[in-house]
Amino acid sequence: MNRVARWRSVVAAVVAAATVGTGQPSLMAAQAPPPAGAGVPRISLTAGRSTVLETDFDITRIAVTNPAIADAVVVQPREVLVDGKAAGTVSLIVWGADRRQQYDVVVEQEVSNLQQQLQALFPGEDIRVNASPEAIILSGQVSSNPIMLRAGEIAQATSAKARVVNMLQLPGGSESQQVILQVRFAEVNRRALTELGVSLFTGPTGYKDVIGRTTTQQFSAPDFDKIERDDQTGEIVAGELTFSDFLNLFVFNSKYNIGGVIKALQSTGFFQSLAEPNLIAYNGQEASFLVGGEIPVPVVQGATGTVTVQYREFGIRLTFRPTIAGDVIRLQLRPEVSTLDFGNGITLSGFRIPALSTRRAETEVELRDGQSFVVAGLLDNVTQDNAAAVPLLSRLPIIGPLFRSKSERAERTELMVLITPRLVRPLDPDEVPPLPTRPREFLPPPEAEIGSQIEGPGGVVDAPAR
């Protein structure tokens with residue numbers, strides 16, 4: 001038997017064995033698989049959903065290429081339950097007694113609750129949601145700025161941890177994704193002070209052997225020091241007066257040895273501060289700047305008593321986050337102005353630590369490119385009245401005011417912030433304006449060299465002739 005005859009006998013034996021095993025003539029070996037994608041039925045479903053596939057023949061066996069995307073199980077002789085698990089496309093092959101059928105199972109991403117809510121709230125808008133544990137991406141087309149911003153707010157409210165990336169498109173929207181903020185801070189501080197008080201006193205030897213002093217303790221008064229008396233008569237023969245402050249007026253009569261210091265002062269002050277910083281930020285990103293400085297603050301550690309220094313910032317600060325929605329800019333702003341306040345400071349371990357007087361505001365506004373808005377009304381009015389009097393003596397007619405003192409202080413601070421946002425884009429190389437420089441030659445011409453200024457014949461040098 002030659003080689004061809006032997007191959008024919010082997011094939012016949014295989015076909016006969018298949019016929020005996022199934023009881024039916026086997027046609028599988030004679031059928032060629034259909035080309036990929038040519039006339040293959042398609043089954044579409046969503047992840048997390050199921051569908052039932054019905055056939056017109058009894059099913060003997062099934063196979064799925066990737067059970068992680070879709071799985072199938074035979075529930076009836078002619079029904080297959082297909083479960084979608086994850087987004088993707090797999091092949092489902094169904095065998096019958098005398099045929100085989102192939103399907104393409106396309107599993108689409110599950111429609112999240114957020115997308116269902118957005119579709120219910122904004123019917124007719126093309127809003128698509130792609131969510132993951134780290135981010136929520138909004139894409140599609142919307143018809144107005146409020147819908148775009150509201151959709152982003154709803155997405156942010158559904159997840160406190162995930163970051164929302166709002167990629168919704170608007171008709172006629174700007175291509176710029178950068179905002180420059182032109183800010184002007186104007187602060188005006190006015191203050192007025194009035195002080196009035198009298199302190200009467202005698203000299204160190206007294207008046208007719210009487211030493212006296214009157215004071216309300218509101219302002220400094222002279223003190224007696226080094227009083228000397230006669231050992232025999234007990235009369236005061238010498239002494240000194242010490243003055244910590246002569247106040248505004250000082251009067252002393254050496255004949256009667258009586259004097260007085262008077263505090264009579266009126267002062268006014270005016271302070272104005274203006275800052276005009278500019279700052280650029282990307283869409284949705286926070287930016288901030290500080291015009292001011294830092295003060296060292298000593299901090300005493302617990303049981304060890306070690307003193308460390310921490311620095312606290314003060315000055316003019318602005319923090320903002322822009323959101324571009326077409327031709328509208330939404331800004332989240334936090335302007336702040338802080339100054340050093342030594343009057344309310346404390347002394348710790350020998351260090352004088354000033355307090356911080358702070359004016360702060362936080363707001364959210366919406367405006368178009370080039371429009372301005374003002375944050376005003378940040379007023380701080382301080383009025384302080386202090387009065388002191390000597391009982392009984394201060395109520396006497398005519399001379400009663402000599403035993404009273406008072407101090408009145410009034411201060412008013414007003415802060416205004418003027419903000420103008422603008423959409424900007426980078427300049428191309430041919431759009432960069434020239435710098436304002438003074439035109440002049442960088443190097444002098446050759447005839448201006450020092451060698452050309454030498455007169456007379458030169459000496460012999462080892463150089464080629466000119």
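Just by accessible area at a 1.4 angstrom probe, what is the order of SER407, SER244 from largest to smallest?
SER244, SER407
By its C-alpha gyration tensor, with a ≥ b ≥ c as the square roots of the eigenvalues, how is segment 252-301 shaped: rounded for a/c under 1.5, else prolate for a/b larger than b/c, else oblate?
Oblate.
Ignoring everything but the protein chains, give the 1.4 Å probe accessible area of ILE399 in square angstrom, nearest 10.
80
What does the accessible area per residue of segment 166-223 come to in Å², with a 1.4 Å probe and no ligands, DNA or RNA counted? Walk me through the numbers before you get to the answer.
Values: 2980 Å² over 58 residues.
Accessible area per residue: 51 Å².
Of THR60, THR55, which has the most accessible area and how do the rest follow, probe 1.4 Å?
THR60, THR55
Note down the accessible area of SER220, probe 1.4 Å, to the nearest 10 Å².
It works out to around 40 Å².
Which percent of the accessible heavy-atom area of segment 210-305 goes to carbon and sulfur, probe 1.4 angstrom?
Carbon-and-sulfur percentage of accessible area, whole number: 49.
Can you give me the distance in nm between label points at LEU121 and ALA387, each placed 7 Å from the Cα along the Cα-to-Cβ direction?
Inter-label distance under the simple model: 6.0 nm.
Would you kindly find the accessible area of ARG334, with a 1.4 Å probe and non-protein molecules such as ligands, DNA and RNA excluded, rounding to the nearest 10 Å²?
Per-residue accessible area (ARG334): approximately 90 Å².
Order the following by accessible area, largest value first: LYS208, LYS406. Probe radius 1.4 Å; ligands, DNA and RNA are ignored.
Largest accessible area first, the residues go LYS208, LYS406.
Tell me which of GLY206, LEU181, ILE258 sits at the most positive position along the dipole axis of segment 137-268, charges placed on C-beta atoms (Lys, Arg +1; Asp, Glu -1).
Ranked along the dipole, the leading option is LEU181.
The values are calculated or read from the model by the stated rules, or taken from the named source; none is laboratory data. Everything numeric in this text was worked out from a predicted model, so none of it was measured. Ideal geometry is used to build each Cβ from the backbone, glycine not excepted, and the neighbour counts take in all protein chains shown. Quick note on the areas: whole protein, heavy atoms, side chains included, nothing else; ligands and nucleic acids left out. Shrake-Rupley method; radii C 1.70, N 1.55, O 1.52, S 1.80 Å.
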